[in-house]
Amino acid sequence: DGLTPNINPLNVSFARAAMDALAEFVQNPCRQNQRALADTKLCACASQILDIRGDVPTLSEASLLGGELAALLGDYEWAVNELKSSTVTALLAMLECVDNRYIPERMLASLDASQLIDNVNSLLRIYNPSLLAQLK
């Protein structure tokens, strides 16, 4: 809870690394790890992450982040989109070769499906707009 207010230009890369690690944790698939993550707040956190906007912080917020900020601000929107992409990958990895309803039901209980679709479509607009046009 309350994860996303703490993500900023100085630490977004760490959040992405954590999501990438979680995806690796469940891939191949590892059913025990998939189930373990389904029983955590990962999906609720993923939902929050997918709602992050890549807006540059305000000047008052920027002053709190320190001197390295100027170099990071230009890449922040891109970094947030990469974090969102890693988050979607982790969610998909949790569903890899799932053969019972437990994991999908747990995931859907924490995710707003229409919000998830909107966020994934936003990523498609950025990374593969031609595919999005074909899907419509």
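Of note:
- Matching helices (runs of 4 or more DSSP H) fully within the stretch 58-136 where at least 2 residues are at pLDDT below 80 and within 22 Å of Leu10 (Cα to Cα): 59-65, 69-73
- Members of the stretch 111-134 that are hydroxyl-bearing (Ser, Thr, Tyr) and more than 17 Å from the chain's Cα centre (by Cα): Ser130
- Residue in the stretch 35-43 that is over 13 Å from Leu91 (Cβ atoms), among the polar types (S, T, N, Q) and not in a helix (DSSP H, G or I) present: no
The values are calculated or read from the model by the stated rules, or taken from the named source; none is laboratory data. Treat the numbers as computed from the prediction; the structure is a model and nothing was measured. Positions of Cβ are generated from backbone atoms using ideal geometry, with glycine treated the same way; all protein chains shown enter the neighbour counts.
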